[in-house]
Every structure is written in C-alpha cells, then in structure tokens.
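The values are calculated or read from the model by the stated rules, or taken from the named source; none is laboratory data. The structure displayed is predicted, hence computed values, not measured ones. We place every Cβ from the backbone using ideal geometry, glycine too, and count neighbours over all the protein chains shown.
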C-alpha cells in the first residue's frame, strides 16, 4: 500500500510561528506524526525542546493536544491517561513525545515500568543526541567523540542502545526511524497504532543548532546518517528483527557511504581526532554486528 | 462529549478559574518571519509539484496551491512566519527554490 | 459479646467494624467509587494498597490498579488518569512523598482534583518507620488541601469528604488525608462504614475543570509570561481559601447524613471557657483530650484545639478560639530544623503571639507520648508561665520525660535531664548559644 504524498492530511499539526529553531527536526517529526495518525492523537510531553517549542500562553505551537509533564514522568503519565480514556470509551492514541533525556536518562525508569506493564501507548523518543533544550549538554544518547557544552573535548561515552534496552522488555513493536525518511516514519506509526500494547519508536532528529550545521541541511544530515550506517532503520515485531530500506542494503559495509561524509557536515565533530573517529566507527560497526548476529540467529542470514 | 465515569456523566466545568491551558494557534512565538536573514524564492516554471518542500517544512508555512485555476500546484510561502531555514530549498529536487538574502531583496 | 454493646448514636450503618486506619481509607476509596489507583508500597502505607487490590480482586471495587515502579510514577499515573476524566487515588509515606514531591506541584498547578493519603512516617536517615508529621508538613507549600485524622473513623470520613471538596468547582485542587503511621494505620478501632447509598448521595459525579482527550487542541502548562503566572498562583491561593466554605458546607451535609460533625476545620474540646489551650494535630490530640480532663480535675482550665485541616489554614477559627487565651501549648510531631515546630510557627503567626505560646516538639521518630506526658507538658508550661509572667518559647523539646529548651528559645530552667543526649543542655546560655 503505497503512500501518496498528495493524500497526506494538509491540516496544520504544527502551528506556524512556533518557537522552534529554524530547521528543527522535532517539528518536522511532529508534523509527520499528525499526518500519520491524525486527530485521535493526544501527546504527553515531558520537559525538553518540545515543551518550549509550544511558545507562550495564551497560544500553543503544536496542532495536537499537548499535556506537558515533569521530566521523569512521561511514560507514567501517559499510562494513567491511556487507561482513563479507555475506561471512558474515548478512542485515542496516547503518544509520549520525549527527547533523549526524557527517554534514556531521567525518563528511563518510568519508561521501563510502562513497557513492562505493557501499557497501550506509543512512545516516541525524538533523539537529537544531547540535552538541547538546556543548551546542548551531553546525554547518554550522545555519540562518541561529539562536542557538547559538557564534553568540550569530545564525548567520552558511547550512544546507549535504547531500542535494544526496550526490546529486552519484550514489547510487541519497536522501530527506529528518521526525519529524513518520513514515509518510513509514517508507515511505522500507522503500523504501531494498530497494535495493542507498548510501542516504541526512536526518531533520529539531527539538530542544526546542537550539531552545528546549516539549518537547511536537516533532511540531508538525517539521510546521510542512514546512508553511512551511523543510524540504522529497523523494526522488532514481536521480538523479530527486520532491517528496513535503505539500511537493509547496507549490511555490507562497502555499500555504505564513508562515515566522513556524515561527520564533515557537523561542527560538533570538527575537532574529532583520527583515533576518536576510529572509536566512533567501531561503535557503529558494533551496532551492525549485533544486528547481523540477531538476523543470523533468526535464520535470516 | 465527556463520557461516563463511575456510571455517571463526567462533569466538565471550569467556572471562572484561571487554568494553565493554551489553545493551538498561529504565532505562539510571535511573527517569526522577523527571524530570518534570507527567504526562499520560487522559480515556478521549474516546480514539478512534488510536494517535498511542503512535506519537510518545519514550520508548516508552505501551502501547495495552483498558480491559476486548473494550473499546476506550486508552494506558496507564508512569509509572515517563514524563518528562512532553507530546508525547502535543500530538499527541492529541481532547485526551484533558492535562498535570497533579505538585504538583497530590500535593495540594500 | 457484640450483642451487649449498645449501638452508638454516631453509627449510621448500624454496626461498627473493627478495622485499622489503612483499612478505613481503603473502604472510603471503595465507597467513593474510585476508578483508578496507582501506588508504590512503603511502610506504613502498604496495607491501603493491598486492601484496595483485595477489594478489586473480589469484585467489590470496580477499578484499575496500576503497579507502578516508583512513587514519582505513582502520582504521575494517578494524575494522568485524573486529567483523563476518572476519579483517582494514591497513597504514600515519608520517603515516597519526598520522591514524588515535584509531581505534587504539577498536579496542584494543573487544577486537577486528585486525592492522596499520607500515612505519616519519619524521614531518614537513620531509617525509621514510625510516626512523625514531617512528611505531611512538607506538603503545605504545594497548593494541596491537607487534613489530618485523629482516629480511624476520621481517616475514613475525611477521605470521603476530600473527594467532595477537591471536586467542588470553587476549589479544583488536589487533597491529602494524613493519618499517623502505626498508631492509626495499623491499630484496630471500631469504625462505622456508611452504606454505599449514603455516600452516593453525598458524593456527586466527578467534576473537573477540563479533560484531556482527542480534539481538545490545547497545551497544559506551557510557558506563561511571569505576570500571568502570578495571576495563576493568585487564583490557586484564592481557591484554596475558598475551600474553607466548601469544607464547612460539605461537613454540615455529612453531619446530617452520618451524625458526625465535620462542619469546622478545627475541633475545640472544652476550649470555649478555657484559660489555656493544648493545640496540635493527629492522633495524639485524642490523648490531649484525656489530658484536658485530667488537668481540669487539678484545677487547670485547659482546652484542646485540634487542627483537623492544616491547609487551608483555619485562620479565623484559630484566632476566634486562641486569641483570648492566656497560654497556648503547641504540640509538634515534627520540627523545621533551624527554627521550631511547624505548628508553633503557624499558630504563633495566626495568634499574633498575643497569648503566651510554647512550642513543644515531641514524639518525633515515633516516641510514644501518652496522655500523662501531655498533661505533664501542659502543667509544666503553666508553671513556667506563672514564674515568668509571659513566655514565648519556640522550642521546648519534650524528650523521654524531660524538657530540652533549645535555640532559638532563651534558656529556661528544666526539671529533668535527657538520658542519652551528650549535649550538656543545662549549660545553654541566655541567647541560646
């Protein structure tokens, strides 16, 4: 069932004049969320860029209901809300729209609880790879070697494998997506909405301000992340892993664009040493190795 | 309509309390068109109505409209709110949109 | 045997059931037809949650129990359900309250009615599961209504009342029922459980200022200009003060239905003609009433002023009952370190420090305080008053049968020494150094 771009809803799911930075990937993703699932969506938004993008009372910049909530409580609040709406017979898609901080760090506990309980919500991690809202500090989803205001010499940590952490909770659906691949994101959202249980979607969201690239290049950087293998598009459906295009063609490293093409566009990697770059490549290769091992164990390779 | 709870109708009644609620509306951060230093300008003849600029615009300031009745749809940009990020110009596969500096447009 | 015990006038159901305070709260939750409970176990609250789960599994309560992984998530999930339009409840104590503290602010500021029981317990370290009012006192700033039960009957009644008052359109703020850990929560007392139809008549269908659901294109809690933020806060404070009227009206109606009087925010036991008052909150005020009787026998005209409600603060009632007294002895089962017991501070301010006032922190960490202790404390306070003519002593800590005057109080003579304290209390100087 091919998606025709011209049949996507034209309704404004993001209100012009919101407070996001020019070129913001979160707002792109939010529009795609609205296009995918429409007016039945209620978003629960813990502290982060998406809380502030709403702008000032008496207006709000999202075109969907937005329940702002404290940083650590995204998944827990959504759990209660989803149960209440279901009890009242109100049809809704309760969606947590959380950043990497609100997902992998301060929000991890409540996420784990909701996943373990199998709450009927869609959890979307909008990953711009740092605490952008407070001014570009590193998070556990910041890649190795990246500059942030708390890792001036480059991040010594590595990117925590969030989808795999959620997969360990044995939820029915997990997917990685990117703002550079809106079809993929929209299709995965629609698939998730059909499933009952805890659904986790990790949206890669390159941030022009935090990663230091021109605001017009958001989509290009997002695509390069996938084309170089730095970001991998896949799904876990009931625990079974499947690579999605174009990542399914990139298991062979020689098919990937050189990582340098992705790195050189980003000021946060400007001072990366050859050794650190090698470490970063090793991290990325490790992700691919784990995928390869899973596919092999499944009998798909 | 609020549906039943505890077997009775849920009553939703704000009275005159000051609630921390804000309705969705354009311009929650003001007239953000004032932010930009350059703006996307369309060369309509090049446009193939692919809709990609509309799809990616982070501020949803692009509306696809026919230039004349029955004509091909082209992006119409709301310059009151366009921040001049340049995403549309970059995603356009035929370079129908180009970023022109505001200064230049003002003839400075 | 049960048959020979006369039916008390205050039993509307016709029978008294022996139950613990935690059970009483659980019964109230059932009678209120709560539909959603999310709570994390912590001693001494645990039994509330267990009892509710038992009721659900027996089909006596038609509700969802969410097994959250922390107290922070417990209140967040309860809030999520409440904002989704369903009557919701949670309970906690001590460290659990401290953990969920930021969420208390979020709930109150959202103006969404939620009810929570706090089973009062000390906050460590060292670990201590016994009663102390520190956790309840920590909630005063947040915009929640705060009530404290004297006995298990009140624990049940206040919980039912709280649903009514929090959902009153003049109020629309969340509410707390405090009950003393172990002394009430785990101690069996006879409780009258009102019939379901009585509670159904008393509690209208759930009412809240707004609901979060698809199609309602709003944001809750996004940024506000500072001057508007302040207006929001002014409305919160005003609504919390309007709760006084709501409490009085609900209390009067509840009295008619059950025979138990909740029409005032304080309870005045023999205090209208008293010269001196013992003031405080919680279960030991029951003991204070016995102490009042004992003191009266000795010719000391005491009364007991019990604060059933801490927030809204019963400003007018306290002033009406306290301003014309010679002495107010304030019992505090908690201390605001670096100043004095919280009730001393609040009552002194309401009474403009006009009567002599003595702040007596006691029973902290769960040390048992009997009616004898309270009578002794009160008697000692009158002795000091006679000696000095006027006393205004923030901290006269009562510990193991002896008094420890502590800064900021000036030095006062004491009668007995501390048993284990290594500080040489007697040598504390004039300015409390």
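Quick notes on this structure:
- Verdict on residue C:142 being under 18 Å from the mean Cα position of the chain (by Cα) and over 23 Å from residue C:19 (Cα atoms): yes
- Helices (runs of 4 or more DSSP H) fully within the range C:25-135 counting 1 or more residues that are more than 11 Å from every other protein chain (Cβ to nearest Cβ), over 23 Å from the mean Cα position of the chain (by Cα) and surrounded by fewer than 24 Cβ atoms within 10 Å (Cβ to Cβ): C:46-57
- Those residues of the range A:31-62 which are at the interface with another protein chain (Cβ under 9 Å from one of its Cβ atoms), under 21 Å from residue B:31 (Cα atoms) and either touching a residue at least 60 places away in the same chain (Cβ under 8 Å) or surrounded by fewer than 24 Cβ atoms within 10 Å (Cβ to Cβ) (or both), in sequence order: A:51, A:52, A:56, A:57, A:58, A:59
- Enumeration of residues in the range A:70-85 that are more than 7 Å from every other protein chain (Cβ to nearest Cβ) and within 22 Å of residue A:101 (Cβ to Cβ): A:71, A:74, A:75
- Flag if residue C:205 is surrounded by fewer than 17 Cβ atoms within 10 Å (Cβ to Cβ), within 14 Å of chain A (Cβ to nearest Cβ) and farther than 30 Å from residue A:19 by Cβ: yes
- So residue C:46, is it in contact with a helix residue (DSSP H, G or I) (Cβ under 6 Å, 6 or more places away or on another chain), modelled with pLDDT of 95 or more and assigned by TED's automatic domain parsing to the domain that holds residue C:160: no
- Complete set of residues in the range C:268-288 that are surrounded by fewer than 24 Cβ atoms within 10 Å (Cβ to Cβ) and out of contact with any helix residue (DSSP H, G or I) (no Cβ under 8 Å at 6 or more places or on another chain): C:273, C:275, C:286
- Single residue of the range C:208-236 satisfying the filter (away from chain A (no Cβ under 14 Å) and touching a residue at least 60 places away in the same chain (Cβ under 8 Å)) that is nearest to residue C:154 (Cα to Cα): C:236
- The numbered conditions (1) closer than 25 Å to residue A:186 by Cα; (2) part of a helix (DSSP H, G or I); (3) more than 10 Å from chain A (Cβ to nearest Cβ) are all true for residue B:74 except (2).
- Residue B:57 being touching a residue at least 40 places away in the same chain (Cβ under 8 Å), touching a helix residue (DSSP H, G or I) at 6+ places or on another chain (Cβ under 9 Å) and surrounded by 13 or more Cβ atoms within 10 Å (Cβ to Cβ): no
- Counted as qualifying within the range C:151-229 are the strands (runs of 3 or more DSSP E) with 3 or more residues that are closer than 26 Å to residue A:90 by Cβ and over 20 Å from the mean Cα position of the chain (by Cα), namely C:218-220.
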